[in-house]
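As structure tokens, the structure follows; a few thoughts come after it.
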């Protein structure tokens, strides 16, 4: 905490999330390193580093549809891990920044980039923020989030809980939605988690590539929608109001750069339905209470109902584009033209999906531990 000289108000600097599992990210895009500290992990959890590296790889830039800043993202676990298992003390991961080009940002240091956090960062941090590559506001900070999320995903998968996402749309090109059948849905999740370009209908993959490349050639960018599914999450987890499953996940999802909208189940489409159409009829099947449809996306009253958790995230086009734009120079307060430099993504959808999976895993693990305690992380999957 610090006290502002301007009005003596107290300002909280908070980069942490979680009640049972606390995740804190740190670093800047062009600083020496970025990283994450995870506090609250149970001792004795065996970590599969290859699994973490695989998920990290799916966030990395590849080809012409991504930024040309390529980082190896080598993991350096400096605490909380010994002889292949967690110790129960805070686990800290460092990821070195090795491919920065800070000079690209010197010429436009005070020229506020439209739809970026440049102005809001000035307003919050009194101009002391690191402006290079977006500093702490950069998508670069999602790398440690993915590392932390991959640990959470390993723990959840050992309990039979699986998370997966795909690009439901990219600009105006649409993939097919997730299957309603749970067996088929789990197969789709397994398939998508092995793909660098996550789509269910492979025929639309090339169309999406073409759209992204066309935007890149024009100095522009595109956005889209990511659809996420969670299978195997038990009923009865979550709180009725402020720590509902939707509240916790939305908190995290809106922390992912460029996410500007979240909807669960039918979401905004509920506004077009009658109650008789929207309600999920209840049945008893295979020894479990279930619903015949899943319009509510696996959540009722803020609490999981045992059905697949389904939601969508709207991801805006990358704000960094090469077209000339109108802006203001922060120092002179004069209107200026901006032509950005540097290396930027014409789309982040394909890279963002693993970030969305990761924060989802962190949120669900934290929620599960609220009800079952952190020993939940050590329990074996029941047959």
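Out of contact with any strand residue (DSSP E or B) (no Cβ under 8 Å at 6 or more places or on another chain), more than 13 Å from residue 151 (Cα to Cα) and buried (at least 17 other Cβ atoms within 10 Å of the Cβ) - does that describe any residue in region 44-59?
First, the residues of region 44-59 that are out of contact with any strand residue (DSSP E or B) (no Cβ under 8 Å at 6 or more places or on another chain): 48, 50-51, 54-55, 57-59.
The next check asks that each one be more than 13 Å from residue 151 (Cα to Cα); those that pass are 57-59.
Subset that is buried (at least 17 other Cβ atoms within 10 Å of the Cβ): 58-59.
Within region 44-59, one or more residues are out of contact with any strand residue (DSSP E or B) (no Cβ under 8 Å at 6 or more places or on another chain), more than 13 Å from residue 151 (Cα to Cα) and buried (at least 17 other Cβ atoms within 10 Å of the Cβ).
Could you grab the pairs with beta carbons closer than 7 Å, sequence gap of 6+ or different chains, first residue in region 143-163 and on the phi > 0 side of the Ramachandran plot and surrounded by fewer than 24 Cβ atoms within 10 Å (Cβ to Cβ), second one modelled with pLDDT of 95 or more and in a helix (DSSP H, G or I)?
none
Pairs please, first residue from region 260-272 and closer than 11 Å to residue 227 by Cβ, second anywhere and surrounded by 15 or more Cβ atoms within 10 Å (Cβ to Cβ), Cβ atoms under 6 Å, 6+ apart in sequence or on different chains.
263/312
It is to be established whether one or more residues within region 210-230 are in contact with a strand residue (DSSP E or B) (Cβ under 6 Å, 6 or more places away or on another chain) and assigned to a helix (DSSP H, G or I).
Checked against the condition, which is being in contact with a strand residue (DSSP E or B) (Cβ under 6 Å, 6 or more places away or on another chain) and assigned to a helix (DSSP H, G or I), region 210-230 yields at least one hit.
Please find, within region 108-137, the residue that is modelled with the highest pLDDT out of those that are in contact with a strand residue (DSSP E or B) (Cβ under 9 Å, 6 or more places away or on another chain) and in a loop (DSSP other than H, G, I, E, B).
114
Return yes or no: is residue 80 over 20 Å from residue 355 (Cβ atoms) and surrounded by 14 or more Cβ atoms within 10 Å (Cβ to Cβ)? Write out each step before concluding.
Details: over 20 Å from residue 355 (Cβ atoms): yes; surrounded by 14 or more Cβ atoms within 10 Å (Cβ to Cβ): yes.
Answer is yes for this residue.
For residue 195, are the conditions met, namely being touching a strand residue (DSSP E or B) at 6+ places or on another chain (Cβ under 6 Å) and surrounded by fewer than 23 Cβ atoms within 10 Å (Cβ to Cβ)? Outline the logic, then answer.
Numbers: touching a strand residue (DSSP E or B) at 6+ places or on another chain (Cβ under 6 Å): no; surrounded by fewer than 23 Cβ atoms within 10 Å (Cβ to Cβ): yes.
Criteria not met by residue 195.
State whether the residues of region 3-17 include one that is touching a helix residue (DSSP H, G or I) at 6+ places or on another chain (Cβ under 7 Å), loosely packed, with under 14 Cβ neighbours inside 10 Å, in a loop (DSSP other than H, G, I, E, B) and at pLDDT below 95.
Kept after step one, since they are touching a helix residue (DSSP H, G or I) at 6+ places or on another chain (Cβ under 7 Å), are these residues of region 3-17: 17.
Okay, now just the ones that are also loosely packed, with under 14 Cβ neighbours inside 10 Å, so none.
No, because not a single residue in region 3-17 is touching a helix residue (DSSP H, G or I) at 6+ places or on another chain (Cβ under 7 Å), loosely packed, with under 14 Cβ neighbours inside 10 Å, in a loop (DSSP other than H, G, I, E, B) and at pLDDT below 95.
For region 283-316, give me the residue count where each residue is in a loop (DSSP other than H, G, I, E, B), surrounded by 16 or more Cβ atoms within 10 Å (Cβ to Cβ) and touching a strand residue (DSSP E or B) at 6+ places or on another chain (Cβ under 9 Å). Even if it seems obvious, please write down each step before you answer.
Initial filter on region 283-316 (in a loop (DSSP other than H, G, I, E, B)): 286-287, 292-298, 301-302, 305-308, 316.
Retained after the next criterion (residues that are surrounded by 16 or more Cβ atoms within 10 Å (Cβ to Cβ)): 294-298, 302, 305-308, 316.
So of that shortlist, the ones also touching a strand residue (DSSP E or B) at 6+ places or on another chain (Cβ under 9 Å) come out as 294, 296-298, 305-308, 316.
Residues meeting the conditions: 9.
Which of the numbered conditions does residue 190 fail, given that it passes all the others? Conditions: (1) in contact (Cβ under 8 Å) with a residue 40 or more places away in the chain; (2) within 21 Å of the chain's Cα centre (by Cα); (3) under 26 Å from residue 299 (Cβ atoms).
(1) is the only condition that residue 190 fails.
When region 322-331 is examined, which residues are found to be farther than 14 Å from residue 218 by Cα, at pLDDT below 90 and out of contact with any helix residue (DSSP H, G or I) (no Cβ under 7 Å at 6 or more places or on another chain)?
Of everything in region 322-331, just one residue is farther than 14 Å from residue 218 by Cα, at pLDDT below 90 and out of contact with any helix residue (DSSP H, G or I) (no Cβ under 7 Å at 6 or more places or on another chain), namely 331.
Can you report the number of residues in region 164-180 which are assigned to a loop (DSSP other than H, G, I, E, B) and either closer than 20 Å to residue 221 by Cβ or touching a helix residue (DSSP H, G or I) at 6+ places or on another chain (Cβ under 9 Å) (or both)? Reasoning before the result, please.
Here is the first cut: in region 164-180, the residues assigned to a loop (DSSP other than H, G, I, E, B) are 171-172, 175-180.
So of that shortlist, the ones also either closer than 20 Å to residue 221 by Cβ or touching a helix residue (DSSP H, G or I) at 6+ places or on another chain (Cβ under 9 Å) (or both) come out as 171-172, 175-176, 178-179.
Qualifying residue count for the region: 6.
Output yes when any residue across region 56-77 is part of a strand (DSSP E or B) and modelled with pLDDT of 95 or more, and no when none is.
Step one: list which residues in region 56-77 are part of a strand (DSSP E or B), which gives 75-77.
Add one more test, that the residue is modelled with pLDDT of 95 or more, and what stays is 77.
So far as region 56-77 goes, yes, one or more of its residues are part of a strand (DSSP E or B) and modelled with pLDDT of 95 or more.
Given the criteria over 30 Å from residue 115 (Cα atoms), modelled with pLDDT of 95 or more and outside any loop (DSSP other than H, G, I, E, B), does residue 184 qualify? I'd like the intermediate steps shown before the answer.
On the way: over 30 Å from residue 115 (Cα atoms): yes; modelled with pLDDT of 95 or more: yes; outside any loop (DSSP other than H, G, I, E, B): yes.
So residue 184 fits the description; yes.
The values are calculated or read from the model by the stated rules, or taken from the named source; none is laboratory data. Bear in mind that the values here come from a model prediction, so they are computed numbers and not experimental data. Don't worry about glycine lacking a Cβ; one is built from the backbone with ideal geometry, like all the others, and counts go over all protein chains shown.
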